[in-house]
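Trainee: My structure is below; once you've seen it, I'll send some questions.
The values are calculated or read from the model by the stated rules, or taken from the named source; none is laboratory data. Quick caveat: nothing in here was measured; it's all calculated off a predicted structure. Here the Cβ is made from the backbone with ideal geometry for all residues, glycine too, and neighbour counts use every protein chain on show. In case anyone asks, the SASA skips ligands and DNA or RNA and just uses the protein heavy atoms, side chains included. Shrake-Rupley method; radii C 1.70, N 1.55, O 1.52, S 1.80 Å.
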Amino acid sequence: MEYQQNTNQDFQDLIEKYLDGKIKIEEVKKLVNYYESFQENHDWVEELGAEHAIKNKVLINILESIQSEESTKPIPFYKKAVFKYAVAASVLLLVSLGFLFKQNESTEVPIRVVDTPIIIGSDKATLTLEDGTNVVLDKEGTYQSKKLTSDGKSLIYNKSDKQNIGLEYNYLTIPRGGQFFVTLSDGTKVWLNSESKLKYPVNFIAGQSREIELVYGEAYLEVSKSYKHNGDAFILKTNEQNIKVLGTIFNVKAYKDETDILTTLVEGSVSVSNGISKNILKPGQQSKLSQTKNDFKIYNVDVDEHISWRNGEFSFTNKSLEDIMKVLSRWYDVDIEIENTHMKTVGFTGVISKRQSIEYILDIIKNTNNMTYKIEGNKIVIE
């Protein structure tokens, strides 16, 4: 009860900071998270005051911010009126929205409810056992054997004390419109994004490197530290690249339809190699391996943006519409065609929950420019 009261007070304090124009970008994210948790409970917190009064106060604040903003002066995005509008709307008027996609200075927010056959992605995968048997994993059922257990949302392997003569491999394949979580037998945790495939041993052999392979797709890993395994290193293989770690957290993106392999380090240290050169990454850095040129480039990046999918969000910073549509097509398992070639390179910035319908996201993008779209069964055409 005391915890709930403290949470309510924090929520109220953050709302007041926003209304006074003193809120920081980190606090905005916290405010949205608080609101989403209250939305799930379907209760307005009485300590905040009358719901309609708070909403009216926010709307007045929004209008004043928009009217007073100087359009000719360069302003960071998080200080712009469109950002203030989006945050307030997400916190008090809409649901599960971090901040709206933005291009230019549009502030109009479309709200549209549509019956659609396009389903939001969910936890699902196909497990291929060492004997070639395929097991469908989803919310409809569970699976259990002597070596592993699945509740339909995750997969956990049991550690074996036996010294295997040879390695036995399993495959976990995530379809478009899916995601899944697996704990390997050494305790390493792996989150797999849509349209991904992972190859790994049922059990690792002591004294040998713990090797797994991201056949394609995207994975976020929390690697069990080497000192827990007598110093045995952990190696993740992808097409054209090996990543060697001792125990760390990182994200790898290596889709079949993309020419670059991106490795983003969250915590610890990793060595990335393509057989020609080797690079050591520090936290906050990302390596980009061009498969066409077979060379590396190292960048300092916003880690949160590149691992947002792991936390149930889409996050884009000046991403082209073409790249955004690739991400959406995987999560919603839908084909997207951009007929208007000019639109392919238009950049958008925004964070939005993966729980939103694809029509909702498309309407937000549509409202910021002259883009139009149509849905034809399981295909979306950007006109």
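Trainee: I need a count of the residues in region 168-208 that are closer than 21 Å to Leu246 by Cα and in a loop (DSSP other than H, G, I, E, B).
Mentor: Total meeting the criteria: 12.
Trainee: If you scan region 218-234, which residues turn out to be under 19 Å from Ile307 (Cα atoms) and either in contact with a helix residue (DSSP H, G or I) (Cβ under 9 Å, 6 or more places away or on another chain) or not small (Gly, Ala, Ser) (or both)?
Mentor: Within region 218-234, Glu218, Tyr220, Leu221, Glu222, Val223 qualify.
Trainee: Taking the condition open to solvent by 50 Å² or more (accessible area, probe 1.4 Å) and either closer than 13 Å to Ser287 by Cβ or in a strand (DSSP E or B) (or both), does Glu211 pass?
Mentor: Spelling it out, Glu211 is indeed open to solvent by 50 Å² or more (accessible area, probe 1.4 Å) and either closer than 13 Å to Ser287 by Cβ or in a strand (DSSP E or B) (or both).
Trainee: Within region 220-233, does at least one residue satisfy the condition of being outside any loop (DSSP other than H, G, I, E, B) and acidic (Asp, Glu)?
Mentor: Within region 220-233, one or more residues are outside any loop (DSSP other than H, G, I, E, B) and acidic (Asp, Glu).
Trainee: Separate question: Any chance you could count how many residues in region 351-383 are at pLDDT below 85 and part of a helix (DSSP H, G or I)?
Mentor: Adding up the residues that qualify gives 4.
Trainee: Report the residue count in region 290-308 for those that are touching a strand residue (DSSP E or B) at 6+ places or on another chain (Cβ under 9 Å) and either surrounded by 13 or more Cβ atoms within 10 Å (Cβ to Cβ) or more than 29 Å from Asn242 (Cβ to Cβ) (or both).
Mentor: The qualifying residues number 12.
Trainee: Hey, among the residues in region 214-243 that are among the charged types (D, E, K, R) and more than 15 Å from Ser185 (Cα to Cα), which one's modelled with the lowest pLDDT?
Mentor: Within region 214-243, the match that is modelled with the lowest pLDDT is Glu240.
Trainee: Now for a different question. Taking region 234-243 on its own, how many of its residues are in contact with a Lys or Arg (Cβ under 7 Å, 6 or more places away or on another chain) and either surrounded by fewer than 18 Cβ atoms within 10 Å (Cβ to Cβ) or not in a strand (DSSP E or B) (or both)?
Mentor: 1
Trainee: Give region 275-289 a look and list any residue that's at pLDDT below 95, closer than 23 Å to Ser226 by Cβ and open to solvent by less than 50 Å² (accessible area, probe 1.4 Å), or say none.
Mentor: Asn279 - this is the single residue of region 275-289 that is at pLDDT below 95, closer than 23 Å to Ser226 by Cβ and open to solvent by less than 50 Å² (accessible area, probe 1.4 Å).
Trainee: Here are the criteria: (1) surrounded by fewer than 16 Cβ atoms within 10 Å (Cβ to Cβ); (2) touching a helix residue (DSSP H, G or I) at 6+ places or on another chain (Cβ under 7 Å). Tell me which single one Ser194 does not satisfy.
Mentor: (1)
Residues checked against (1) part of a strand (DSSP E or B); (2) open to solvent by 60 Å² or more (accessible area, probe 1.4 Å); (3) touching a Gly at 6+ places or on another chain (Cβ under 6 Å); (4) on the phi > 0 side of the Ramachandran plot:
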residue: Arg310; (1), (2), (3), (4): no, yes, no, no
residue: Ser315; (1), (2), (3), (4): yes, no, no, no
residue: Ile324; (1), (2), (3), (4): no, no, no, no
residue: Val327; (1), (2), (3), (4): no, no, no, no
residue: Trp331; (1), (2), (3), (4): no, no, yes, no
residue: Lys344; (1), (2), (3), (4): no, yes, no, no
residue: Thr349; (1), (2), (3), (4): yes, no, no, no
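Trainee: Give Leu246, Leu281 a once-over and let me know the one that is under 22 Å from Thr188 (Cβ atoms), touching a Leu at 6+ places or on another chain (Cβ under 7 Å) and not β-branched (Val, Ile, Thr). Steps first, please.
Mentor: Working: Leu246 fails: touching a Leu at 6+ places or on another chain (Cβ under 7 Å).
Just a single option satisfies the conditions, and that option is Leu281.
Trainee: Taking region 290-313 on its own, how many of its residues are among the small types (Gly, Ala, Ser) and more than 26 Å from Lys225 (Cβ to Cβ)?
Mentor: 2
Trainee: A further question follows. Does region 245-274 hold any residues that are part of a loop (DSSP other than H, G, I, E, B), open to solvent by 10 Å² or more (accessible area, probe 1.4 Å) and within 21 Å of Ser224 (Cα to Cα), and which are they?
Mentor: Leu246, Gly247, Gly268, Ser269
Trainee: Still on this structure, I have one more. Please state which one of Gly178, Gly152 is of a type in the set (Gly, Ala, Ser), on the phi > 0 side of the Ramachandran plot, within 21 Å of the chain's Cα centre (by Cα) and open to solvent by less than 40 Å² (accessible area, probe 1.4 Å). Can you show your working first?
Mentor: Details: Gly178 fails: on the phi > 0 side of the Ramachandran plot.
Every option except Gly152 fails the conditions.
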